[in-house]
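To start, the structure under review is shown below, and the notes come after it.
The values are calculated or read from the model by the stated rules, or taken from the named source; none is laboratory data. Predicted model only: the values in this text are computed from it and were never measured. Cβ coordinates were reconstructed from backbone atoms using ideal geometry, including for glycine residues, and neighbour counts include every protein chain displayed.
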Amino acid sequence: NLSISQSPISPFSYLYELCHANLPKRYPDLRPAVLKQLAHELDLIEQAELAEYFLVVWDIVHFSRAQGIRCQGRGSAANSIVAYLLGITSIDPLAHNLLFERFLSSDKFTMPDIDIDFAADRREEVIQYVYAKYGHSHAAMVCNHVTYQARSALRDIGKALGLPEESITRIQGRLDTNDPGKAADVIEGWGEENSQWSMGNGQLSTGGDGAGQGEEVNGQRSMVNGQLSTGGDEQPSTLPLTIDNSPLTVDHFLPLLLRHIAGCPRHLSIHSGGMLITRAPLDAIVPLEPATMPGRFVCQWDKESVEDAGLIKIDLLALRTLGLVSEALGYIAGAGDAVPDLDALPLDDPAIYRMLHQADTIGAFQVESRAQQQMLPRLKPLCFEDIAVEVAIVRPGPIQGGAVHPYLRRRAGEEPVSYLHPSLEPVLRESLGVLLFQEQAIRVAVAAAGFAPGEADRLRRALSRTRSQEEMAAMRARFVRGAAEKEIDTPTAEAIFAQLAGFAGYGFCKSHAASFALIAYQTLWLKRYHAPAFYCALLNQ
């Protein structure tokens, strides 16, 4: 048993009690809409049997806060009022028009994913707490499968073939690709051009400043009559290297192996934060091994395999900015000043927005890059939602997808705000008719084609992946058929679907943007009102 509570009541009942106990703190002016949304979410959580999952995450966050470790949930979990009431996230999903179905839907249950950032300098305390509470037999980090890239493949293959270290390094330095297949093409091209790479009598030459054609390289190994020779007193290897009884030289064999090894796993590494916690012993479900980092165990499956198996991971991530904030608050306390509750700050301070307009954001989370500083005077954030837009829009996807300039022109009054259909106005009004957030894509499919929220999220996910023409045609037909039932003509429905398909490659989760926008606002506030503490913490980070 996960042993979250000593109470004899069920995990769901305990979750229900925790949520309702925290209602007065989170919602002093309790409204019917809050209770309605809470009931809706709890109903879905009970149906999906996810109460223990929420309680495990709550327990980790509760421990962290008790130890003074600053943390905050982000990602799609910030769409949940349950996560907000449990203190896992800090963004009110109702106040910011977030969508729970981006996190969990009733149409078809998918495994939810809760990401939590912890102060980077203290995250290991949290990980060790999880191991101590649940045991190494019930908790493990998820792994990454590190696959061969061109340079690592070349080094390992070169060593296996006995190539000199300096020759391997020279070849690596001349490659401008990290794709093993493309590297193989490049090396074969060298052989054809007989310029940078050649084999004379089976011996290695890299051309140019390397050894001359037909000469041994530092007396090291070479290929002679299809056999591996060391060029010294050693005898040739007893293993002939042939294909169809024809001897292979290194310039043939190296590209061949590079192509075969492309994409193969080289070693395991630990995922940036993914952790499995199960009631049953983990080694009965997944293969485990001790990690090289002391005190950690790692599951040999990567996150995709874990999800395919129906296991749920919790992402315990490290964020240096949270350590900066904690350190700055410590300096404020040390100076004898009142320590502010950053989670209770009003989000409409004019001084903060003046800083944003002037791009006075050095040191502030997510809004200090050169690209952000160029965008801020153009976007001119006026409210918290504008900061979330700023966080989401200054990224390669929206720029490449053509969303940035239409949004800026409409915001500046240089272009009229328009919608492909009137039904989209309530969904896209906040972003001036431009699709920016994943939650909007879900709502567009609901409003324009009558999709259920869960079905709409599946459409969004499907559009973001590589699709066959048949799959695209089937999705388009389903969308157009649903739009027709809403009395939307086929050309308009096709245009809306095309907009969704084009958006899918760059859409940003609004709840994630809002979570990061909150930290951005908090760091700006510290910079504005407690500059010495802020800058001291910034320099130390």
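Of note:
- Residue in the stretch 411-429 that is loosely packed, with under 15 Cβ neighbours inside 10 Å and on the phi > 0 side of the Ramachandran plot present: yes
- Unmet criterion (only one of (1) under 27 Å from HIS405 (Cβ atoms); (2) without any contact (Cβ under 8 Å) to a residue 40 or more places away in the chain) for ALA484: (1)
- Single residue of the stretch 135-163 satisfying the filter (farther than 26 Å from ILE270 by Cα and buried (at least 20 other Cβ atoms within 10 Å of the Cβ)) that is modelled with the highest pLDDT: GLY158
- Only one of the numbered conditions (1) within 23 Å of the chain's Cα centre (by Cα); (2) over 30 Å from VAL404 (Cα atoms); (3) of a type in the set (A, V, I, L, M) is not met by ALA388, and that is (2).
- Cβ-Cβ contacts under 8 Å between residues 6 or more apart (or on different chains), taken from a first residue in the stretch 332-349 that is farther than 16 Å from ARG528 by Cα to a second residue that is modelled with pLDDT of 95 or more and assigned to a loop (DSSP other than H, G, I, E, B), are listed as ALA333/VAL339; ASP343/SER90.
- Summed over the stretch 455-475, the residues that are part of a helix (DSSP H, G or I) and either without any contact (Cβ under 8 Å) to a residue 40 or more places away in the chain or in contact with a helix residue (DSSP H, G or I) (Cβ under 6 Å, 6 or more places away or on another chain) (or both) give a count of 14.
- Checking PHE479 against (1) touching a helix residue (DSSP H, G or I) at 6+ places or on another chain (Cβ under 7 Å); (2) in contact (Cβ under 8 Å) with a residue 60 or more places away in the chain, the condition it does not meet: (2)
- Which listed residue, of SER76, SER105, SER64, SER90, is surrounded by 21 or more Cβ atoms within 10 Å (Cβ to Cβ) and assigned to a loop (DSSP other than H, G, I, E, B): SER105
- Total residues in the stretch 41-97, condition closer than 30 Å to ALA333 by Cα and not hydroxyl-bearing (Ser, Thr, Tyr): 25
- Note on the stretch 285-304: residues that are in a helix (DSSP H, G or I) and either surrounded by 12 or more Cβ atoms within 10 Å (Cβ to Cβ) or touching a helix residue (DSSP H, G or I) at 6+ places or on another chain (Cβ under 8 Å) (or both) amount to 1.
- Contacts under 6 angstrom Cβ, first residue in the stretch 70-95 being under 17 Å from ALA520 (Cβ atoms) and in contact (Cβ under 8 Å) with a residue 24 or more places away in the chain, partner in a loop (DSSP other than H, G, I, E, B) and of a type in the set (Ser, Thr, Tyr), 6 or more apart: GLN72/SER90; GLY73/THR89; ALA78/THR89
- Out of SER80, SER64, SER106, SER7, sole residue that is more than 22 Å from the chain's Cα centre (by Cα) and modelled with pLDDT of 95 or more: SER64
- Residue within the stretch 392-412 that is among the small types (Gly, Ala, Ser), touching a residue at least 40 places away in the same chain (Cβ under 8 Å) and within 21 Å of LEU324 (Cα to Cα) present: no
- Within the stretch 483-533, being out of contact with any helix residue (DSSP H, G or I) (no Cβ under 9 Å at 6 or more places or on another chain) and closer than 30 Å to PRO340 by Cα holds for one residue alone: ALA531.
- Residue satisfying condition, being at pLDDT 95 or above, over 25 Å from SER369 (Cβ atoms) and under 28 Å from the mean Cα position of the chain (by Cα), within set VAL480, VAL444: VAL444
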